[in-house]
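Written below as structure tokens is the structure these notes are about.
The values are calculated or read from the model by the stated rules, or taken from the named source; none is laboratory data. None of these values were measured; they are calculated from a predicted model. In this analysis, Cβ positions are derived from the backbone assuming ideal geometry, glycine residues included, and neighbour counts consider all displayed protein chains.
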Amino acid sequence: MEHEGAWSSPRRGALSRALTSLRLLWLLVSPVRSHPDRVYRLLATDNNLGENTRFLNLGYWKTATTYDDACRALAHLLAERAGLGPGDEALDVGCGFGEQDVYFVDQFHPRSLHAINITAMQVDEARRRHQREGLSFAVQSATEIDDQDRYDVVLALESAFHFNTRADFFVRAHAALKPGGRLALADSVTAYDRLGWWSRLLQYFGNGLWQTPRQNLYGEATYRAHLEAAGFVDIVFEDISAHVFKPWKRYAQKRLEDPAVRDRVHPLLRSIWAKDHGAHDVHRYVIVTAKKPGPA
Ligand SMILES: C[S@@+](CC[C@H](N)C(=O)[O-])C[C@H]1O[C@@H](n2cnc3c(N)ncnc32)[C@H](O)[C@@H]1O
């Protein structure tokens, strides 16, 4: 896979590198947490751990031994739990570079898959790299979905914690689903109110860097209540943390020993990814499924 602008490449220029660093640092400390598109624009195409893909999730490491395979395994688990299959009209929300979408189309054969993302640069790349019949990409925010009774399945792979807010997205997703339609998310939940000061501090910076709105920081009970308030039923939480956070961290540390990967990843991310700072200990990584009432 080509990487056009490795972090330390002379083509980037010292000024451009300094500006990117300043912008990332500003996001980290800024009280504003509602612009994930800014983070992903800054991270561009190089700040990922992919061998041959541009996936941007933590992966599911039950059997996988490479980053690409772990990301595909997470996408696979999500689609399986959603019951994605032939004949489905599906919506994927927060699709990154569209890696999961070609996987969904090739492995699960939905009739159509529309993938949306707030970050235009990623959508451009997805369109350039991935063409399949029935697959379309668009720049749109999760909280601006305005379809009614259109989809059998709505998916969000490690993106909903960014949405401003996640609860607003639930309302939009519910409206967009046909009666009997399924929602499935791979997501991170945090019982923020129960954190000690050190975890809160790490969280403050982490939520700044990843632009996670404060309103999205809650545990399973509130998550469930938001889904119910939007009209969903049959809500199931599956905790897969053991196969996500620690194995991902071990793999990231090893992968960053490769000079080519070190070279392309921004030093701030390198230092976060390479260290065991315990930030993940306060999260649970879950697959959440829910249904809009009605005949399946
Ligand atoms: C952690 S990345 C995951 C990307 C992809 N699902 C994957 O697994 O590779 C989160 C994605 O959510 C997108 N995103 C963030 N906020 C969004 C919003 N409000 N609406 C749509 N997409 C959003 C970001 O642009 C980014 O591509």
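Condition check for Asn164 on (1) free of Cβ contacts under 8 Å to residues at least 60 places away in the same chain; (2) assigned to a loop (DSSP other than H, G, I, E, B): one failure, at (1). A count restricted to the stretch 172-191 and to residues that are over 18 Å from the mean Cα position of the chain (by Cα), assigned to a helix (DSSP H, G or I) and in contact (Cβ under 8 Å) with a residue 60 or more places away in the chain stands at 2.
If we only count helices (runs of 4 or more DSSP H) wholly inside the stretch 206-296, which ones have 3 or more residues that are closer than 26 Å to Arg72 by Cβ?
Values: elements: 220-230, 245-255, 259-264, 267-274.
By residue number, 245-255, 259-264, 267-274.
Of these, Asp147, Asp152, which one is closer than 18 Å to Ala115 by Cα, crowded, with 22+ Cβ neighbours inside 10 Å, modelled with pLDDT of 95 or more and in contact with a Lys or Arg (Cβ under 9 Å, 6 or more places away or on another chain)? After applying the criteria, what remains is Asp152.
Right, Gly206: closer than 23 Å to Ser30 by Cα and crowded, with 16+ Cβ neighbours inside 10 Å or not? Yes, satisfied. Residues in the stretch 208-248 that are within 16 Å of the ligand (Cβ to nearest atom), among the β-branched types (Val, Ile, Thr) and over 16 Å from the mean Cα position of the chain (by Cα): there are none.
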